[in-house]
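Here is the structure we will look at.
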Amino acid sequence: MFRFLLLAIFFVMPMGTAFANTILVIGDSISSAYGMPVNQGWVALLQKRLQSEQLPYKVVNLSISGDTSANALNRLPQTLEQHQPHILLLEIGGNDGLRGLSLTQMQQNIESMISLAASKEIRVMLLGIQLPPNYGSHYTDQFNEIYRQLADRYQLTLLPSIVDGIGGDPQLMQADGIHPNAKAQPIMLELVWPKLLQLLSDA
């Protein structure tokens with residue numbers, strides 16, 4: 001998988017709003033609109049939805065294709081300092097799983113990211129991912145359990161899989177069988193939206 005930095009920042013302030021809270025998205029290729037124009041990705045669609053609902057939030061998308069939990073953790077302190085988000089959407093770990101990296105280390109990395117955000121009173125939403133079935137049920141079950149355990153431990157909003165109902169459907173996947181295509185992006189947003197809306201309401 002080619003690694004490239006996709007920095008997409010979308011600013012929307014409803015008329016009459018002098019200040020917009022920040023939603024920061026830290027993810028990998030699933031959130032960086034890999035293989036398509038950035039404005040077709042679910043994160044760009046999220047900004048449009050927030051605008052249409054007249055919710056005073058701007059979305060900062062710092063997702064990097066190929067990123068691992070270790071890479072994301074390394075850059076998180078500076079990122080939080082720079083953007084000072086109110087909400088962090090954390091969609092990371094898929095590349096750890098695809099590369100067969102240590103799940104223990106992955107869990108520690110994500111937990112460190114959650115702890116860092118919590119120390120700054122940033123609300124976190126975990127977005128899990130679905131690994132291909134060829135990795136075996138034992139490994140994939142352990143992988144999925146990481147997100148559930150962390151969500152329970154820190155009382156976080158959890159979307160178990162951002163590709164629920166998408167992975168494995170050739171009409172919704174790119175030719176590589178790993179990345180959702182443009183048709184899948186609105187579906188992904190619909191999976192994220194109700195949980196995020198509840199988080200915004202709680203905030």
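The values are calculated or read from the model by the stated rules, or taken from the named source; none is laboratory data. Being a predicted model, the structure only gives us computed values, none of them experimental. Note that each Cβ is placed from the backbone with ideal geometry, even for glycine, and that neighbours are counted across all protein chains shown.
Listing for the model above:
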quantity	calculated
Residue that is farthest from the chain's Cα centre (by Cα) [pool: residues in region 176-196 that are of a type outside the set (D, E, K, R) and modelled with pLDDT under 95]	Gly177
Filter result for Leu131 (assigned to a strand (DSSP E or B) and within 23 Å of Gly41 (Cβ to Cβ))	no
Candidate set from region 119-128 (those that are out of contact with any Ser or Thr (no Cβ under 6 Å at 6 or more places or on another chain) and part of a strand (DSSP E or B)); member that is surrounded by the fewest Cβ atoms within 10 Å (Cβ to Cβ)	Arg123
Residue satisfying condition, being part of a helix (DSSP H, G or I) and closer than 27 Å to Pro194 by Cβ, within set Leu55, Leu116	Leu116
Subset of region 140-183 (residues that are over 14 Å from Leu90 (Cβ atoms), in a helix (DSSP H, G or I) and aliphatic (A, V, I, L, M))	Ala182
Pairs with Cβ under 6 Å, 6+ apart, first in region 155-178 and more than 12 Å from Lys195 (Cβ to Cβ) and touching a residue at least 40 places away in the same chain (Cβ under 8 Å), second part of a loop (DSSP other than H, G, I, E, B) and of a type outside the set (Val, Ile, Thr)	Val163/Gln130; Gln174/Gly35; Gln174/Asn181
Matching residues in region 58-92 - criterion: being in contact (Cβ under 8 Å) with a residue 60 or more places away in the chain, outside any helix (DSSP H, G or I) and not hydrophobic (A, V, I, L, M, F, W, C)	Ser65, Gly66, Asp67, Gln84, Pro85, His86, Glu91
